[in-house]
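To start, the structure under review is shown below, and the notes come after it.
The values are calculated or read from the model by the stated rules, or taken from the named source; none is laboratory data. Just so it is clear, the model here is predicted, and its values are computed rather than measured. Accessible surface is based on the protein model in full, side chains and every heavy atom, while ligands, DNA and RNA are left aside. Shrake-Rupley method; radii C 1.70, N 1.55, O 1.52, S 1.80 Å.
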Amino acid sequence: MMEVDDVSVREQLFHNRVRETFICVLLFTCLYILSYLILTHFKKNADYVTDDIEDATANKIALWLCTFTLSVAVCAVLLLPISILSNEVLLIFPHSYYMQWLNGSLIHGLWNLVFLFSNLSLVFLMPFAYFFTESEGFVGCKKGVMARVYETAVVLLLLTLLVLGMVWVFVALLNNHTARESLYDMWEYYLPYLYSAISMCGVLLLLLCTPFGLSRMFSVTGSLLVKPRLLENVEVVMNCAAFEEASLSRTLNRGSTACWISVNVEPLRTQFLSVQAERMALEMRRRASPWQRNLFYPLAMLLLLALTVVCVLVVCFHVLELLFDETAMPSEMGDPRLGTASFSMFGSLGAAVQVFLILYLMVSSVVGFYSSPLFTSLLPRSQDTNLTQIIGNCVSLLVLSSALPVFSRTLGITRFDLLGDFGRYNWLGNFHIVFLYNILFAGLTSACLINTLTWAVQRELIRAFGLHKLPLTVSRTTIPFKLLLANGLSKIQ
């Protein structure tokens, strides 16, 4: 009887493992297809249809590795939302037969796979893709793809030895005795230390990009919607733009045949394109319905403002929790007991808000990253992004997304503790680092939000009163309030 019970238990464990593997493979396949479609939209086709078959093959292999990395990044973004929503689904349907596949073992395995693949992509696949596209094979060897593979492998080996040596020197400077004892203990000491350093860099990058991105979300969303204008007659402004465009067009046509004006053709062409873009924007605004002009834009701005304010309030509340509650510190969850209690005090509604805030913070961090002057050159362009830029974008997105679970838990956006190796970073248990991180995020976000709102209001008032057409540079101190009021009253009259 005992043997029959053991066989049934082993069969159940086998079926559970097969089911979890099938679900993970299916999820990753869908994300891989999505990532491939995204990269093919931005890649430069000339890099993959060259006459050199060897270069084209190397570029395709590098593109496949980039697709794998991007799919891992998307899966890392979905880790916390999937975990939180799975817990709420099991709370709503605790005894459902069709929800038995959704359990803690599946979620825990997904976290471990994402951690493994993210570090594999950062440490090996992306450096391999970059060096593989730049390599040509050793001198004197037969050219081909395998010659590139051999050269890339040697370069990666030397780079690995260099990085491990730098890590050992850094540890020796901090603690010489520990460094001597752990010289040969690479797997148990150096790799976790290296992973902790990479995660710290990602979390610091999120700290810098997310507040800036939260403020930039207003301008990015405003550029996608029809913005209402105060005291502006769209018909009059569009007619003026059309007349100016026609005048510039005639001047350019004369300049193409007259030699005496050929020197001024290039500035006129730039001005013509600018006026043409302005006229098209005015045409879109004129065609928009009153609902689009007067309702959608204010609602979108209010929604962004509400989400940003909620994020700041949640972080401020978490700061107070850190002072009085030890469980508020981020920690590792050993066995995820899903379906026992909600991770939000407001139940399913609070969990849905947590998921929305996590995704909103991720989008804001990406917007802030590409809006930063340091990373503006990485911004991908449709059908015009070379392979080196694609590799840089995949690495940057993976660093941001793999740090998102730690970032969200550190700020108290969710109470879902970190699973697997995500909770084993050395700095997570340091109260001073976590507390200072929350204070910095709340302060930076508040400062960026206040600066954005004040400048946006002043810019709209200056445009509404026609002061943006002044030849002098407009600042806060050059235009008094009386001038704004007088100009506005004259326009109304």
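For segment 348-424, carbon and sulfur atoms together expose 68% of the accessible surface, with a 1.4 angstrom probe and every protein chain in place.
Shape class of segment 77-130 from the Cα gyration tensor (axes a ≥ b ≥ c, square roots of the eigenvalues): prolate, since a/c reaches 1.5 or more and a/b is larger than b/c. Among the protein heavy atoms, those of residue 33 account for about 100 Å² of accessible surface (1.4 Å probe, every chain in place). For segment 376-399 and segment 64-95, compute the distance between their C-alpha centroids and round to whole Å. Rounded to whole Å, the Cα centres lie 24 Å apart. Largest to smallest in accessible area, the residues 326, 54, 88 fall in the order 326, 54, 88 (1.4 Å probe, all protein chains included). Taking one quarter of the surface of the C-alpha convex hull of segment 308-381 gives a mean projected area of 7.9 nm². Accessible surface comparison of 318, 41, probe 1.4 Å, protein chains only, largest first: the order is 41, 318.
Distant-in-sequence amide contacts of residue 419, defined by a placed amide H-H separation under 5 Å and a gap of 5 or more residues or a different chain, comprise 333.
Take residue 101: with every protein chain present and a 1.4 Å probe, its accessible area is about 100 Å². Annotation: residue 452 carries an accessible surface of approximately 30 Å², with a 1.4 Å probe and no ligand, DNA or RNA atoms counted.
Surface composition of segment 32-171: carbon plus sulfur atoms hold 74% of the accessible area, using a 1.4 angstrom probe and ignoring ligands, DNA and RNA. Residue order by solvent-accessible surface for 61, 391 is 61, 391, largest first, with ligands and nucleic acids left out and a 1.4 Å probe. Listed values for segment 65-77 are Karplus-derived 3J(HN,Hα) couplings in whole Hz (6.51 cos²θ - 1.76 cosθ + 1.60, θ = phi - 60°), namely 5, 5, 4, 4, 5, 5, 5, 5, 5, 5, 5, 5, 5, and x replaces Gly and Pro.
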